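J.: Pasting a structure here, questions to come.
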Amino acid sequence: MPRQEMIARVGGKQAIVSMVTDAVGVAVIAAGTDLKLVANVAVGYNNVDVAAGRARGVIVTNTPDVLTDATADFTLALILAVTRRLGEGERMPRPGRDGPSISCSACSSEAGSWASSVTGGSARRWPRGWKPSG
């Protein structure tokens, strides 16, 4: 929300639920005469003037750990992408490209049996304790 709109709308409100893109500075906090809470929906709180909030008795919160699982998912994806050269392999079979192509065994009518195959079983066991986010 643009700063001027936030300043205009915060009067009489007891709480602000802000996103990381919302700058909740001194002017916004000062305009919130009844403000008691700034709940920042983000891991950090560098978009909120915590000192200004503290000076006015306004509690500032954030959502720590909200991206931990998603970040872990991307970390595993990047490790696999780099070590298995997935970007290169994805580009190989495109039309008009010279060089080797990749066969598509998953495109066969037997693709449905993948989950019960040896590879499927291994893929299920590999990330023990891993909870994909989403």
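J.: Output wanted: per-residue J couplings in Hz (rounded whole) for segment 82-87, from phi through Karplus 6.51 cos²θ - 1.76 cosθ + 1.60, θ = phi - 60°, x for Gly and Pro.
T.: 6, 6, 9, 6, 5, x
J.: Check Ser18: other-chain or 5+ apart residues with amide H under 5 Å from its amide H, H built from backbone geometry?
T.: Correct list: Ala39, Asn40, Val41.
J.: Which FRET efficiency, nearest 0.05, do Thr21 and Ala77 yield, Cβ-Cβ r, R0 22 Å?
T.: Rounded to the nearest 0.05, the efficiency is 0.30.
J.: Give me Ile79, Ile16 ranked fewest to most by other Cβ atoms within 10 Å of their Cβ, as a rough exposure proxy.
T.: Ranked by crowding around the Cβ, least crowded first: Ile79, Ile16.
J.: Determine the sum of side-chain charges near Gly11: Lys and Arg each +1, Asp and Glu each -1, restricted to other residues whose C-beta is under 15 angstrom from that of Gly11.
T.: Counting the neighbours of Gly11, the net charge comes to +3.
J.: Please report the spacing between the Cα centers of segment 1-44 and segment 59-76 in Å, no decimals.
T.: 22 Å
Only the coordinates and a few stated rules stand behind these numbers; no lab work does. As the structure is a prediction and not an experimental result, all values here were calculated from the model. Here the Cβ is made from the backbone with ideal geometry for all residues, glycine too, and neighbour counts use every protein chain on show.
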